[in-house]
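The values are calculated or read from the model by the stated rules, or taken from the named source; none is laboratory data. Because the structure is a prediction, the values reported are computed rather than measured. Cβ: placed from backbone, ideal geometry, glycine included. Neighbour counts: every protein chain shown.
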Amino acid sequence: QADVCFLEGHILLRQGQRETALALFRKARELDPENWRIRKQIWALENPDRFYTTRNPDYRWQKEALENERTEH
């Protein structure tokens, strides 16, 4: 089910429905919390400055974000 939510989220994202897509990505993360691809898609949409830069993605930030998510749950 997580893969279906993820795919539907991408379709909605291409249609310009960012917030609805994010909701589906979050649902996919709930269904498959260990899926790194889903998590990174959410982070990239919520924090584009950490992903789409002239340098590599901010991996230190990603590690901190993962730690924060794990302590929240």
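Do you know which of the residues in the range 30-61 that are buried (at least 16 other Cβ atoms within 10 Å of the Cβ) and at pLDDT below 80 is farthest from the chain's Cα centre (by Cα)? Among residues in the range 30-61 that are buried (at least 16 other Cβ atoms within 10 Å of the Cβ) and at pLDDT below 80, the one farthest from the chain's Cα centre (by Cα) is D58. Test E64 against the stated conditions and say whether it is free of Cβ contacts under 8 Å to residues at least 60 places away in the same chain and loosely packed, with under 10 Cβ neighbours inside 10 Å. No; evaluated as a whole, the condition is false for this residue.
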